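Okay, structure first, notes after.
The values are calculated or read from the model by the stated rules, or taken from the named source; none is laboratory data. As the structure is a computational prediction, the values presented were derived from the model and not from experiment. Because the Cβ atoms are built from the backbone with ideal geometry, glycine has one as well, and the counts that use them run over all protein chains shown. Just so you know, the surface numbers come from the protein's heavy atoms only, side chains and all, with ligands and any DNA or RNA stripped out. Shrake-Rupley method; radii C 1.70, N 1.55, O 1.52, S 1.80 Å.
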Amino acid sequence: MSLKEIKAHQQTFLKNQKARTKSAMYTIQGIEISVHAGVFPPATDTKLLVSHIKVAKGVRVLDLTTGSGITSIVAGLQGATGIAVDINPKAIENAIENFSRYEVKMNTILSNLFQNVPVEKFDQIYANGPFIEGKITDTLDYSCYGAKEFMRNFLINLKQYLKPTGYAFIVLAEWSDMDYFNKLVSENNLRVAWIDKKLSDDKCRKYNLFKVSL
């Protein structure tokens, strides 16, 4: 798909999500969750991220884009505790409901990434944000738009929140601005490694998972 086609697809998908008025059920890695209206649903990028979450009991995680909470649930069911963050208040309510269902020990914070998160060193940090630029008129738009600011905010704050022995996962699309991402990695003296890729169900879009460490 061309970039123009990608943007059109994203716009249509976002429009459909804004029009959704009822909760929907999704199953990720055998875990069934409810996704409320007004909350961006887990898709290919989410599936890629959660497939690589491996934690030991007692590990502390920071899920910066929790949405309906599936990423935190996957970590929590393996014994992790931590903080789940989202900029969308509807997502926070949704995540709390799903956490209760699976009895995972995650606190929730309404925040634009690290903005309202108390400083703590985490073993693992997860981020799965927007991939393109666009006009933001409500909180659901942050799911698709504001990619450069998202990458900047994420990478410049990692040292404050990541343990020296820890790492962060971030999902980027094949059409993400990788030059900008790599520039930020270099400026902040971070290390990055490509981990895996996943194609959308229609085989038209590719997503990449990167591991970032200090």
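What are the pairs with Cβ atoms under 6 angstrom where one residue, in segment 76-103, is in contact (Cβ under 8 Å) with a residue 12 or more places away in the chain and the other, located anywhere, is open to solvent by 70 Å² or more (accessible area, probe 1.4 Å)? Sequence gap at least six, or different chains. Going by the 6 Å Cβ cut-off, the qualifying pairs are GLY79/LYS57; THR81/LYS105; ILE83/ASN107; ILE87/TYR142; PRO89/LEU110; ILE92/LEU110.
Every listed requirement among (1) small (Gly, Ala, Ser); (2) under 23 Å from ALA84 (Cβ atoms); (3) open to solvent by less than 10 Å² (accessible area, probe 1.4 Å) is met by SER213 save one, (3). Of the residues contained in segment 62-75, none is found to be at negative phi, surrounded by fewer than 17 Cβ atoms within 10 Å (Cβ to Cβ) and in contact with an Asp or Glu (Cβ under 9 Å, 6 or more places away or on another chain). Among the candidates TYR145, TYR161, TYR126, which residue alone is surrounded by 14 or more Cβ atoms within 10 Å (Cβ to Cβ), hydroxyl-bearing (Ser, Thr, Tyr) and without any contact (Cβ under 8 Å) to a residue 60 or more places away in the chain? Selected residue: TYR145, the only one of TYR145, TYR161, TYR126 that is surrounded by 14 or more Cβ atoms within 10 Å (Cβ to Cβ), hydroxyl-bearing (Ser, Thr, Tyr) and without any contact (Cβ under 8 Å) to a residue 60 or more places away in the chain. Note on segment 70-127: among residues that are acidic (Asp, Glu) and over 13 Å from the mean Cα position of the chain (by Cα), the one that is nearest to LEU140 (Cα to Cα) is GLU93.
Can you give me the number of residues within segment 89-109 that are open to solvent by 10 Å² or more (accessible area, probe 1.4 Å) and more than 22 Å from ASP123 (Cβ to Cβ)? Count: 8.
To keep it simple, each residue is scored yes or no on (1) among the charged types (D, E, K, R); (2) touching a strand residue (DSSP E or B) at 6+ places or on another chain (Cβ under 7 Å).
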| site | (1), (2) |
| --- | --- |
| VAL50 | no, yes |
| LEU62 | no, yes |
| GLY67 | no, yes |
| GLN78 | no, no |
| GLU103 | yes, no |
| ASN116 | no, yes |
| TYR126 | no, yes |
| PHE131 | no, yes |
| GLY134 | no, yes |
